[in-house]
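The values are calculated or read from the model by the stated rules, or taken from the named source; none is laboratory data. Quick caveat: nothing in here was measured; it's all calculated off a predicted structure. Backbone-built Cβ (ideal geometry, glycine too); neighbour counts: all protein chains shown.
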Amino acid sequence: MRLSMVGTGYVGLVTGVCLSNTGNEVMCLDVDARKIEKLRKGESPIYEPGLEELMHRNIAAGRLKFTTDAVEAHKNADMIFICVGTPSDDRGHTDLKYIFAAADAVGDVLKSLGPKQTPKVVVVKSTVPVGTTLLVKERIRARVGDAIPFEVANNPEFLKEGAAIEDFNKPDRVVVGVEKDSVGDRMRDLYDPFVRNGHPVFVMDILSSEMVKYASNAMLACKISFINEIANLCEAYGANIARVRDGMCSDRRIGNQFLYPGLGYGGSCFPKDTLACIMMGEKAGVAPLMNQAVHQVNQLQRDRFFKKIETHFRGHGGLAGKTIAFWGIAFKPNTDDIREAPAITLMRKAMGFGARVRAYDPVANENARAELGPSFAIVDDLYSALEGAHAVVVSTDWDEFKSPNWDRVKDLLSPQGMPAVFDGRNLYLRTNLRDHGLAHYAVGVGTR
């Protein structure tokens, strides 16, 4: 098939690259000329394992192209995928301006092509509130009139950052929302190479398809907030969350996925989608009590963890003038995404108390420098971050942080007071750190 992708962010680029790799002709469209120029050279604007390799292969084969020209992108396309951002505004409501701008641009191209064209399918792949795909249809129809045929569909993405290529190529399921069975058949044909492992393609109505994505992410966010709340209870009563988790997750009805205590969720999906569920509930008069609690627990988890840092230094002259090292800036490993990252929240809180911050991340340093500015010291080595620091906060569970040289850590940290490791991802055994003269603070482990 001939496909166009509107937007070359995480969803649009991964989708376009993977679909080109199964023989489709894909044209990726973006308004950012500098980004398009980089993409034409095979340079990915995001860090995702395996992505650049697939880009190079399909660019060389002529199946994957990039443009800033909407007419060039859409004129020969059988399907047009809208993959633009849907950020939350200041109220936590979903901002659809990029979706509607993309729809208007598609409508203008369809109108310019005239009524004799083969009907194209406009697929909304961005995560959008229920009813948005039909609003996209209305906006396009308002521009093209009744004489120009086209169809719409919804096709939510389920990509984990850091494992997006694997998720796309071997999906648990593909969800498609359509108005006509014929469109569903075309979507089945497109995704057939990816589901030959027997996993299902669910073709349903558009409203249900849009809701599937929110229900999925809200459930995963709920699991993260739940285990963090249990971890907090463990701390209060002297229990150990690792042992509690082992005993709980051995129940087949519960399982163990996404039940890891820590600093809470971040990134571009869970915070935004939880807020969108709250927004949809409030608009419909359906009290979104569960999602409100999930969001509140997640935000408080960062405050609770920072309280450990503040309390430790209260006995050592306070945080003012201290240097705090951070291992990890990205919201999770194997990505350079720092959106809603817990580390950013904690760094800003520390600086608000007068501390100096020095941070290192294996791949997110460049994004952090651009986002945070010169007041945050970003270094290029995990041990360089420690030189003269009074504590280290482990905020992302990258593999290279899991077995550090503790003798070297102790030598690099400042001898003033008792140097501490604030283990936000529960990577270390407390006894190992105590043997090296380091205080250890984790999540869900009582002090008794």
Exactly one condition in (1) small (Gly, Ala, Ser); (2) surrounded by fewer than 19 Cβ atoms within 10 Å (Cβ to Cβ); (3) under 19 Å from the mean Cα position of the chain (by Cα) is false for Gly23; which is it? (3)
Out of (1) at pLDDT below 95; (2) surrounded by fewer than 19 Cβ atoms within 10 Å (Cβ to Cβ); (3) of a type in the set (Gly, Ala, Ser), the odd one out for Gly285 is which? (1)
Considering Ser209, Ser225, which residue is crowded, with 17+ Cβ neighbours inside 10 Å, in contact with a strand residue (DSSP E or B) (Cβ under 7 Å, 6 or more places away or on another chain) and at pLDDT 95 or above? Ser209
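Condition check: assigned to a loop (DSSP other than H, G, I, E, B) and over 25 Å from Asn154 (Cβ atoms). Does Arg253 satisfy that? Write out each step before concluding.
Values: assigned to a loop (DSSP other than H, G, I, E, B): yes; over 25 Å from Asn154 (Cβ atoms): yes.
Yes.
Among the listed residues Asn228, Asn232, Asn217, which satisfies the condition of being closer than 25 Å to Leu289 by Cβ, in contact with a Pro (Cβ under 6 Å, 6 or more places away or on another chain) and touching a residue at least 24 places away in the same chain (Cβ under 8 Å)? Before you say what the answer is, go through the steps one by one.
On the way: Asn232 fails: in contact with a Pro (Cβ under 6 Å, 6 or more places away or on another chain); Asn217 fails: in contact with a Pro (Cβ under 6 Å, 6 or more places away or on another chain).
Testing whether each residue is closer than 25 Å to Leu289 by Cβ, in contact with a Pro (Cβ under 6 Å, 6 or more places away or on another chain) and touching a residue at least 24 places away in the same chain (Cβ under 8 Å) leaves just Asn228.
From the list Lys75, Lys35, pick out the single residue that is under 20 Å from Asp337 (Cα atoms) and in the same structural domain as Val130 (by TED's automatic domain parsing).
Values: Lys75 fails: under 20 Å from Asp337 (Cα atoms).
Only one candidate qualifies: Lys35.
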Among Ala370, Ala377, which is the only one that is within 10 Å of Ala325 (Cβ to Cβ), surrounded by fewer than 20 Cβ atoms within 10 Å (Cβ to Cβ) and of a type in the set (Gly, Ala, Ser)? Ala377
Among the listed residues Asn291, Asn256, identify the single one that is surrounded by 16 or more Cβ atoms within 10 Å (Cβ to Cβ) and on the phi < 0 side of the Ramachandran plot. Asn291
In the range 190-210, what count of residues is obtained for those that are in a helix (DSSP H, G or I) and of a type in the set (Phe, Trp, Tyr)? 2
Out of Arg408, Arg425, report the one residue that is of a type in the set (Lys, Arg), closer than 16 Å to Trp327 by Cβ and under 32 Å from the mean Cα position of the chain (by Cα). Arg425
Can you tell me which residues in the range 332-368 are touching an Asp or Glu at 6+ places or on another chain (Cβ under 9 Å), part of a loop (DSSP other than H, G, I, E, B), under 30 Å from His316 (Cα atoms) and of a type outside the set (Asp, Glu)? Phe353
The range 413-448, residues that are part of a helix (DSSP H, G or I) and buried (at least 19 other Cβ atoms within 10 Å of the Cβ): Leu433
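So, Arg186, is that one among the charged types (D, E, K, R) and in contact (Cβ under 8 Å) with a residue 24 or more places away in the chain or not? Give the derivation first.
Numbers: among the charged types (D, E, K, R): yes; in contact (Cβ under 8 Å) with a residue 24 or more places away in the chain: yes.
Spelling it out, Arg186 is indeed among the charged types (D, E, K, R) and in contact (Cβ under 8 Å) with a residue 24 or more places away in the chain.
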Among the numbered criteria (1) in the same structural domain as Met351 (by TED's automatic domain parsing); (2) not in a loop (DSSP other than H, G, I, E, B), which single criterion is violated by Ile329? (2)
Select from the range 50-84 the residues that are within 9 Å of Met27 (Cβ to Cβ) and not β-branched (Val, Ile, Thr) and write down the one among them that is surrounded by the most Cβ atoms within 10 Å (Cβ to Cβ). Leu64
Which one is nearest to Thr345 (Cα to Cα) among residues in the range 392-405 that are over 22 Å from the mean Cα position of the chain (by Cα) and part of a loop (DSSP other than H, G, I, E, B)? Lys402
Output for the range 132-188, where each listed residue is surrounded by fewer than 19 Cβ atoms within 10 Å (Cβ to Cβ) and either assigned by TED's automatic domain parsing to the domain that holds Pro333 or of a type in the set (Ser, Thr, Tyr) (or both): Ser182
Inside the range 47-86, can you point out the residues that are under 26 Å from the mean Cα position of the chain (by Cα), of a type in the set (Lys, Arg) and in a loop (DSSP other than H, G, I, E, B)? none
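This table checks each residue for (1) at pLDDT 95 or above; (2) part of a helix (DSSP H, G or I); (3) charged (D, E, K, R); (4) under 20 Å from Val14 (Cβ atoms).
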site: Asp108; (1), (2), (3), (4): yes, yes, yes, no
site: Val128; (1), (2), (3), (4): yes, no, no, yes
site: Leu134; (1), (2), (3), (4): yes, yes, no, no
site: Lys137; (1), (2), (3), (4): yes, yes, yes, no
site: Ile140; (1), (2), (3), (4): yes, yes, no, no
site: Gly162; (1), (2), (3), (4): no, no, no, yes
site: Ser182; (1), (2), (3), (4): yes, yes, no, no
site: Arg188; (1), (2), (3), (4): yes, yes, yes, no
Can you name the number of the only condition in (1) in contact with a helix residue (DSSP H, G or I) (Cβ under 7 Å, 6 or more places away or on another chain); (2) outside any helix (DSSP H, G or I) that Glu229 fails? (2)
